[in-house]
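Input: a single structure, listed below in structure tokens.
The values are calculated or read from the model by the stated rules, or taken from the named source; none is laboratory data. The model shown is predicted, which means the values in this text are computed figures rather than measured ones. Methodologically, a virtual Cβ is constructed for each residue, glycine included, from the backbone with ideal geometry; neighbour enumeration extends over all protein chains shown. Only protein heavy atoms, including side chains, enter the accessible area calculation; ligands, DNA and RNA are left aside. Shrake-Rupley method; radii C 1.70, N 1.55, O 1.52, S 1.80 Å.
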Amino acid sequence: MRAVLTVVGKDKTGIISTISTFLAERNVNILDISQTILQDYFAMIMLVDVSKSTIALAGLSEECSVLGNQIGMSVHVQHEEIFNAMHNV
């Protein structure tokens, strides 16, 4: 199963490292990644494979919110189909 993870917030050193380590510790594989800096703001979207994750998607979502609070960023994950339905015009 694939999911979409988004990270948005004020740019700072170590964001990609922090998120990547967080995912690796939960056996979530990064399939694709796009990130950019818009002036002082960091924006990243990842397509991840959660099929071998050590935690269910709902739990991963909760932990992403906690991580976001810890690093001062907005970090969200949702099932790929839900993401696509929400962003389909």
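Identify, from the list Val66, Val7, the residue that is at pLDDT 95 or above and in contact with a His (Cβ under 9 Å, 6 or more places away or on another chain). Before you say what the answer is, go through the steps one by one.
Working: Val66 fails: in contact with a His (Cβ under 9 Å, 6 or more places away or on another chain).
Matching residue, one of Val66, Val7: Val7.
Among the candidates Asn29, Asn88, the residue that is open to solvent by 50 Å² or more (accessible area, probe 1.4 Å) and modelled with pLDDT under 95 is uniquely Asn88. Among the residues of segment 32-57, write down those that are surrounded by 17 or more Cβ atoms within 10 Å (Cβ to Cβ), closer than 16 Å to Ser74 by Cα and within 11 Å of the chain's Cα centre (by Cα). Matches in segment 32-57: Met44, Met46.
Within segment 66-85, the only residue that satisfies the criterion of being closer than 15 Å to Thr18 by Cα, within 10 Å of the chain's Cα centre (by Cα) and of a type in the set (S, T, N, Q) is Ser74.
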